[in-house]
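Nothing in this text is a laboratory measurement; each read-out follows from the coordinates by a stated rule. Treat the numbers as computed from the prediction; the structure is a model and nothing was measured. So basically every Cβ, Gly included, is an ideal-geometry build from the backbone, and we count neighbours across all protein chains shown.
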Amino acid sequence: MLERVLSLRSRTSQVNDEEDEEDDEPKNRKNVSVAIKAAKHIARFTLLWPCLALALLLLAISLFLHYRSLICVPSIEPSYRLNLFGAVDGIDSDFGALGVPWCRSKKGLNVEWTSKDLIKGLEEFVPIYETRPIKNNVYGMGFDHSFGLWFITRWLQPDLMIESGAFKGHSTWVLRQAMPNTPILSITPRHPEKYLRKGPAYVDGNCTYFAGKDFVDFGSVNWESVLRKHGIFDRSKVLVFFDDHQNEFKRLKQALNAGFKHLVFEDNYDTGTGDHYSLRQICDQFYIRGDSLPSVHSGLSRNCLYLDSDLLAGGGHSCFQDSDEARMREKRKKFWEKAVGIDELCGEGEKWWGVQGQMRDDFNHSNKAISHAEHFTNSRFVESLLDVYWELPPVAGPSLTHQTRYDPARTSSPIVEDGRYGQFQKLGLTRLDTSVFNGYTQMVYLQISKPSS
Ligand SMILES: C[S@@+](CC[C@H](N)C(=O)[O-])C[C@H]1O[C@@H](n2cnc3c(N)ncnc32)[C@H](O)[C@@H]1O
């Protein structure tokens with residue numbers, strides 16, 4: 001795959017270089033002829049041979065400088081980094097340039113909503129978000145995921161909402177904004193009311209809390225009895241939201257066994273990052289082509305780098321130090337806090353899957369080394385369950401939000417693309433503090449069903 005990138009890159013670089021060549025050639029010809037004329041002129045006089053040698057040297061230097069410009073030095077820094085904080089219109093972006101792994105739906109299904117629906121949703125959600133009770137939600141959800149959870153919930157109109165991991169209660173509040181009269185079950189070790197002593201928190205009046213001494217882990221709840229108590233007989237009408245930093249492979253199997261169909265995972269960490277094994281990590285496999293990936297850019301015409309849709313949406317990694325991926329990753333670390341270099345991505349024995357070959361769990365308190373074969377089997381199992389896999393795109397490009405954490409090269413195109421300042425402003429997004437755009441980690445919505453045997 002990387003060889004392919006290399007050949008694509010050099011092909012494109014030739015396109016760019018041809019333009020460079022046209023610009024540079026007259027200058028070089030002029031340089032060459034001046035050098036030769038000068039040499040001839042001097043040769044008529046006394047120092048013929050040494051000067052001819054000098055002219056040849058000048059000619060060689062001139063040719064060297066000219067041809068060096070034909071070697072494409074890829075400019076991988078996004079153009080908006082050059083204009084950062086300037087919000088320039090019409091700039092290119094490099095979303096997805098390092099690949100966007102995408103789990104495959106066994107039925108080839110996609111979500112019903114379109115980017116227009118997302119824009120309309122944003123218009124509605126921004127004023128709601130401005131009324132949130134917890135303004136400072138560090139360690140909890142920021143704007144992107146709050147919008148995603150609200151949008152998905154409102155679209156699905158569940159009869160019951162279950163959340164695992166509430167912290168101070170911001171996500172409970174988001175669920176409540178989406179469905180004002182629907183019951184919520186919140187599973188979280190520490191009751192959100194405990195946070196009220198120290199500052200803002202949200203406790204919901206129509207929510208049953210499995211917290212404090214009533215805490216039971218999602219995997220140990222007697223769902224038959226709990227759902228009966230809440231009058232729920234159709235489990236496909238339940239939405240389950242996980243923000244509890246547990247191994248998502250484990251949670252997925254527990255949710256399947258409980259008969260739930262609609263799941264949202266808040267922290268869908270990228271490979272090599274995060275404190276638990278995520279869906280995205282599981283589906284980061286060489287065979288993933290991301291055929292159903294809806295909206296990623298098809299290339300970067302302004303830079304030398306040009307990637308086709310295979311790499312753009314593809315998965316898997318190589319730990320080869322002298323590779324395009326390694327070089328790109330190294331550069332990106334200077335700009336994006338969450339970007340990881342090949343050294344961090346790859347553990348001992350070139351293990352890149354999960355986090356350096358580890359399946360992390362429970363806030364990184366419990367880890368298990370897995371083989372590549374096991375990682376591969378996990379992805380096949382996950383795909384045997386998936387009817388729909390949809391990663392929320394970032395709300396807006398970094399030139400608008402000024403976020404500096406997630407690396408756009410590993411995510412799909414944002415809802416409001418870089419350069420669309422007018423739209424960003426019209427949606428009211430300029431009114432929000434920039435810190436709320438820092439928490440994007442590819443929140444994902446899944447629709448699952450039992451594998452057909
Ligand atoms: C990142 S915070 C949740 C943030 C919250 N959803 C928000 O948006 O503000 C993670 C929460 O998971 C809780 N937690 C830890 N272990 C858990 C478990 N096994 N089940 C459910 N929640 C758990 C933590 O106590 C913490 O409140």
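Results, tabulated for the structure shown:
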{"item": "Point-to-point label distance, L196-D362, nm (Cα→Cβ direction, 7 Å offset)", "result": "3.1 nm"}
{"item": "Label point distance in nm, H372-F215, each placed 7 Å from Cα along Cα→Cβ", "result": "3.9 nm"}
{"item": "Residue order, fewest to most beta carbons within 10 Å, for H317, H230, H365", "result": "H365, H230, H317"}
{"item": "The stretch 267-280 - phi-based ³J(HN,Hα) in whole Hz, Karplus 6.51/-1.76/1.60, Gly and Pro as x", "result": "9, 9, 4, 6, 3, x, 9, x, 10, 7, 5, 10, 4, 4"}
{"item": "Peptides ranked, highest mean first, by Cβ atoms within 10 Å: ranges 193-205, 158-170, 251-263", "result": "158-170, 251-263, 193-205"}
{"item": "Potential extension, E112-R228 segment - 0.36 nm per residue separation minus Cα distance", "result": "38.8 nm"}
{"item": "5 angstrom amide H check on K351, placed H, neighbours 5+ away", "result": "none"}
{"item": "Rg(Cα) / (2.2 N^0.38 Å) computed for the stretch 207-255, rounded to two decimals", "result": "1.20"}
{"item": "Quotient of C-alpha Rg and 2.2 N^0.38 Å, computed over the stretch 352-453", "result": "1.41"}
{"item": "Cβ-based exposure ranking for V382, V226, V416, in which fewest neighbours within 10 Å come first", "result": "V226, V382, V416"}
{"item": "Hull volume in cubic angstrom per residue (convex hull over the Cα atoms of the stretch 171-277)", "result": "125 Å³"}
{"item": "Cα→Cβ-extended label distance, 7 Å offset, between T430 and K120, nm", "result": "2.6 nm"}
{"item": "Cα-Cα over 19 Å, subset of K213/K250; K213/K261; K135/K194", "result": "K213/K250; K213/K261"}
{"item": "Within the stretch 79-448, percent of DSSP bridges classed antiparallel, to nearest 5", "result": "45 percent"}
{"item": "Pairs of Cα atoms farther than 25 Å apart, the stretch 79-448, %", "result": "53 percent"}
